[in-house]
Structure formats: structure tokens, C-alpha cells
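**Student:** Sharing a structure here in C-alpha cells format.
The values are calculated or read from the model by the stated rules, or taken from the named source; none is laboratory data. Here the structure is a predicted model, which is why all the values come from computation and not from measurement. With ideal geometry, Cβ positions are generated from the backbone for all residues, glycine too; neighbour counts draw on all protein chains shown.
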Amino acid sequence: MASVTYENVYKRFGDMVAVDNLNIHVDDKEFLVLVGPSGCGKTTALRLLAGLEEISSGAIKIADRVVNDVAPKDRDIAMVFQSYALYPHLSIYDNMAFGLKLRKTPKEEIKRRVTEAAEVLGIQDLLTRKPRQLSGGQRQRVAVGRAIVREPKVFLFDEPLSNLDAKLRVQMRAEISKLHQRLQTTFIYVTHDQTEAMTMATRIAVINKGKLQQIDTPQNLYDHPGNLFVAGFIGSPAMNFFPGKLRKDNGRLVVDAGDFVVPIPEKKAGPYKAHADKNITFGIRPENIHDENFVPLNIDVEKVAVKVDVTELMGNEIFLYLISGKNTFVARVDPRSSLRVGQQAHVMFDMDNFHIFDAETEETIR
């Protein structure tokens, strides 16, 4: 098993910087997820580690060994791609054994590894079939099995679930998490789906425009985003943002968003007093906005007048798309809510759970 380290890694394609001074240390046996929008550089970072792209500058280490100039086959990694990349004319057994045969692994050892991997993944009854006879989920298991038989130090996954339907993605997420616990190996996983990241990762590295924005545990990223981008990317539906100003009103610090004004509770006001009269962005998650008839107990709330624009009944909750003056935003409310499209109403902002960002730097004000 092995740790992985990116040290001041850059990757340039002509004038474009795809990976910009990336510094990450992945602990041995950790499950790190690289997440970000399409084109942010996360797959390029993975390909640099695999040796499929050449580093422009910096260093990548597996354990304590710099692998910049090491051939991909000698890095002791295994990669699972978005496409299954199975040989259609070979059986599932031969697909899984192919890499081992190239390495001149003894036949008995190949049989042992393939059989064990197939049992772990529940595909032991499929080994004589051809890929065309398998479903998408089964093919994905075969692709993972082909990586497992290598017994590598590091597993790399490049959006492996994006070709699966929603139900199967949920199932495979759980299976990959269980696989990590069972193998006790370092996993590095790339996805643009923040739900995958939140449910699977030991830690998440959020990347945008080639730059690392923040790296932390899923819960800390959700509770304490470091900047506006991370706050908007982590969480579904996304956090609501309101441009405004911090100012004092009768001795209290308030957020003035133009169309509404909400006081900051005194117990929360300390970090923000130095920013009075400055432009800010006020952020609040949809789940912290409540129907005024269904407000949880023991929280500080402030009332905001709204018009209901769209409702989405989800069964266990309702998404309300709301308008307040020029601002549009989303609330995630109790399923018993009776608010309907076109209705003028009030919602309650949970002022125990909000975020304030510097309007100029977009960094979180703590």
C-alpha cells in the first residue's frame, strides 16, 4: 500500500494551464475524491499520476518514490475508466486475466487472483461469458475486477459510474465503498457528481480551473466551505447566494440584501463586526429555509416575504422556488407545507446556519 503526493504540480497545454500548482497529500489507505465541474483539471491530475500525461513541472510521489519519469506499467497503479474498455472477443475471465498474462504471471496465480476478485464483486458466475452478454453494471464490475487482480498500491477511478442509470449508480457507489474497506488500499476517485463525493470519500479535494480550492472531510466542506465556489458546489440543491451589505441598524449587525434585511444573532455577530459597511455575499442552504408553519424548535429565525414561483414535491420534502424582489432562491421544506404556485407568503431563514463571503475576494468571512 502507499501514500500519494502532488508537489507543486503544473500541467500546461500550450498557453492553457490545466493543473495549476497542485499540492495534495493522500494518506495510505485513504479514499480521496477529486471533484469539480467539467474541464476543471481533475481527470488531468489523475492521468498525471497514472503516467498517461507528462508533468510540465513539479513532482508526483507514490510512497516516497518520485514517479515523474517512471513508465505507467511500473508505477504499481491500476485505473478504472469511464468506458469499460473490455475486449469484446475475450471471455470475462480472459479480460480480467489479460494484464497478468502480459506480465508472465504463473497460471495458478492468475486463476487464484481472478477467482478471488470475481467472488468479491459477485461475478463468479459470469466468467465464461463475453462482454456483450453483460449489463452495464456487470461490465463495470468486470472493469473493477480487472484492476483488483493487479493487486496495485493505488487504485485510480475516472468517473466510473457515469454510464450507469441512477439506481445502479447508487448500488455501485455502495459496492465501491465496501470494496475500499475490504481491500484497505489507497483509492483516488474522480467525479463531477458531488453526491458521489460526499457519500464515498474519506476526504474531498475540490478543484476549479486547475486550482485546488479546498480539501477536507465531506462534512467539514459542507459545514465550513472556504469560499463561494466550494459553498455553491457542495450540497444539493446548491446554496442560495444574495449580494448585499453588512451594516449596523439600531446597534445590531444586519445583512441588507436590498429586497430583505435580516439581523445577525448577537451570538454569531462577532466575526462580522469588522466588516460592517462592506459589500458581501450572504449564503444560506435550501434546507435552512423553512415554511413559517413548520419551523424546527430552538433555532433563531428571521421572516422573509416571498412569492412562490415553482413547487417540486419529492415525497419526503418539497422544493420551493421562491422570488423576493430581484432575488430567486430555493427552499427545501417540510412535505406538509401547503404553499402553492403564485402564493404570497413568508419563509423563515435559520440564522443559526448561514455563511457570509467577502464580495471582492469571494473568501468566507469566519
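**Student:** Residue under question is Thr44, and the condition is that it be under 30 Å from Val9 (Cα atoms), among the polar types (S, T, N, Q) and in a helix (DSSP H, G or I); does it hold?
**Tutor:** yes
**Student:** While we're here: Could you please give the count of residues in segment 88-109 that are among the β-branched types (Val, Ile, Thr) and more than 12 Å from Arg146 (Cβ to Cβ)?
**Tutor:** 1
**Student:** Given the condition in contact with a helix residue (DSSP H, G or I) (Cβ under 6 Å, 6 or more places away or on another chain), without any contact (Cβ under 8 Å) to a residue 40 or more places away in the chain and outside any helix (DSSP H, G or I), answer yes or no: does some residue in segment 99-110 qualify?
**Tutor:** The answer is no, given that none of the residues of segment 99-110 is in contact with a helix residue (DSSP H, G or I) (Cβ under 6 Å, 6 or more places away or on another chain), without any contact (Cβ under 8 Å) to a residue 40 or more places away in the chain and outside any helix (DSSP H, G or I).
**Student:** Something else about it: Looking at segment 263-300, which of the residues that are outside any loop (DSSP other than H, G, I, E, B) and among the polar types (S, T, N, Q) is surrounded by the most Cβ atoms within 10 Å (Cβ to Cβ)?
**Tutor:** The initial filter retains those residues of segment 263-300 that are outside any loop (DSSP other than H, G, I, E, B), namely 263, 266-275, 279-284, 286-291.
Cutting the leftovers down to among the polar types (S, T, N, Q) gives us 279, 281, 288.
On the way: Asn279: 12, Thr281: 20, Asn288: 22.
Filtering segment 263-300 for residues that are outside any loop (DSSP other than H, G, I, E, B) and among the polar types (S, T, N, Q), the one surrounded by the most Cβ atoms within 10 Å (Cβ to Cβ) comes out as Asn288.
**Student:** Can you tell me which residue within segment 156-171, out of those that are of a type in the set (A, V, I, L, M) and not in a loop (DSSP other than H, G, I, E, B), is nearest to Gly39 (Cα to Cα)?
**Tutor:** Restricting to residues being of a type in the set (A, V, I, L, M) and not in a loop (DSSP other than H, G, I, E, B), the top hit is Leu156.
**Student:** Something else now. In segment 163-221, which residues are surrounded by 15 or more Cβ atoms within 10 Å (Cβ to Cβ), closer than 30 Å to Gln138 by Cβ and among the small types (Gly, Ala, Ser)?
**Tutor:** The answer is Ser177, Ala197, Ala201.
**Student:** Return the residue satisfying two criteria in turn: it lies in segment 233-253 and is free of Cβ contacts under 8 Å to residues at least 40 places away in the same chain and not in a loop (DSSP other than H, G, I, E, B), and of such residues it is surrounded by the fewest Cβ atoms within 10 Å (Cβ to Cβ).
**Tutor:** So the residue we want is Asp249.
**Student:** Let me ask you something else. Just wondering, is there one or more residues in segment 126-134 that are modelled with pLDDT under 90, surrounded by 14 or more Cβ atoms within 10 Å (Cβ to Cβ) and over 19 Å from Gln184 (Cα atoms)?
**Tutor:** The answer is no, given that none of the residues of segment 126-134 is modelled with pLDDT under 90, surrounded by 14 or more Cβ atoms within 10 Å (Cβ to Cβ) and over 19 Å from Gln184 (Cα atoms).
**Student:** Yes or no: Leu183 more than 20 Å from Ile62 (Cα to Cα) and touching a residue at least 12 places away in the same chain (Cβ under 8 Å)?
**Tutor:** For Leu183, the condition - more than 20 Å from Ile62 (Cα to Cα) and touching a residue at least 12 places away in the same chain (Cβ under 8 Å) - is not met.
**Student:** Could you run through segment 49-87 and say how many residues are in a loop (DSSP other than H, G, I, E, B), within 21 Å of Ile148 (Cβ to Cβ) and either within 25 Å of the chain's Cα centre (by Cα) or not hydroxyl-bearing (Ser, Thr, Tyr) (or both)?
**Tutor:** 11
**Student:** Inspect segment 6-23 for any residue being assigned to a loop (DSSP other than H, G, I, E, B) and of a type in the set (Ser, Thr, Tyr) and give the result as yes or no.
**Tutor:** No, that holds for no residue.
**Student:** Return the only residue of Glu7, Glu30 being at negative phi, surrounded by fewer than 16 Cβ atoms within 10 Å (Cβ to Cβ) and either in the same structural domain as Arg203 (by TED's automatic domain parsing) or not polar (S, T, N, Q) (or both).
**Tutor:** Glu7
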